[in-house]
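Notes follow once the structure below has been shown.
The values are calculated or read from the model by the stated rules, or taken from the named source; none is laboratory data. Just so it is clear, the structure is predicted and the values come from calculations on it, not from any experiment. The protein model used for the area step is the full one, side chains on, heavy atoms only, and it has no ligands, DNA or RNA in it. Shrake-Rupley method; radii C 1.70, N 1.55, O 1.52, S 1.80 Å.
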Amino acid sequence: MVVRVLQARDLWKSYDGRTDVLCGVQLDVASGEAALIWGENGSGKTTLLSILGGLDAPTRGHVEVAGREITGLRESALARVRLLEIGFVFQTHRLLEDLTIEENIALPLRFAKRPSEARVAELLQVFALTKLASRRPGEISVGESQRVAVARALANGPKVLLADEPTASLDAKGTAAVIEALRIARTNFGAAEIVAAHDSEVRALEATEYILDEGRLRKKE
């Protein structure tokens, strides 16, 4: 049985009432599936991911996450959805430099007031980060930091993982490591993934590919 955990319906985003960044976007992603969104810089990829993740609101249209309509929720309710149902991975890892790798991964659990020790140990092991647990972000590579960012994004067991150009600043080795981390997120944790990218090496994700052009999203043939 296919369980769709993210649904976007007729998403529009306009600025100044004139410029349409998104034009009627439709998207469905199921648990364990990945959608790879291609587009030039300025095509609206980040805007789309921000709306799907509840960081921004569409001008019109609807987004459902895990069967719940999130469009129009109050900020307090949206914050709870973002904490528990959605994981974010950005172009840069955004780890806290004063915390260890283990502490960085534990942060979302602490915000949710959930036990962290067993879950963090599991994530460290699955993502091959155990030996780095006591180090700080400045002591590991950029590629390793992005792997930590993926692990942190999964801490609360979100249904959806959104990744915005997660390999943009990486070399080939770092890119391969992040792609593997995203694959683990799907196969081991069942996350539905939406990844925005322009790096052709990201095709190794074996995702359903879409093109965002002039505000319209279409499946790549």
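Odds and ends about this structure:
- Gain on full extension, evaluated as 0.36 nm per residue between E75 and R18 minus their Cα-Cα distance, stands at 17.9 nm.
- Under 26 Å of direct C-alpha separation, and excluding same-chain neighbours fewer than eight residues apart, K220 reaches these lysines: K13, K45, K159.
- In terms of Cα atoms, the Rg and Dmax of segment 90-221 work out to 15.0, 46 Å.
- Prolate/oblate/rounded call for segment 160-221, Cα gyration tensor, a/c under 1.5 rounded: oblate
- Taken one residue at a time, the phi angles of segment 80-94 give Karplus couplings (6.51, -1.76, 1.60, θ = phi - 60°) of 5, 4, 5, 6, 9, 10, 10, x, 10, 10, 9, 4, 10, 5, 6 Hz. Gly and Pro are set to x.
- Per residue, the accessible area of segment 62-221 comes to 51 Å² when a 1.4 Å probe rolls over the protein heavy atoms.
- The accessible surface of the chain, taken with every protein chain in place and a 1.4 Å probe, is 47 percent carbon and sulfur.
- Partners for K131 among aspartates and glutamates (Cα-Cα distance below 15 Å; same-chain residues under 8 apart left out): E102, E103, E122, E139, E144
- Prolate/oblate/rounded call for segment 26-94, Cα gyration tensor, a/c under 1.5 rounded: rounded
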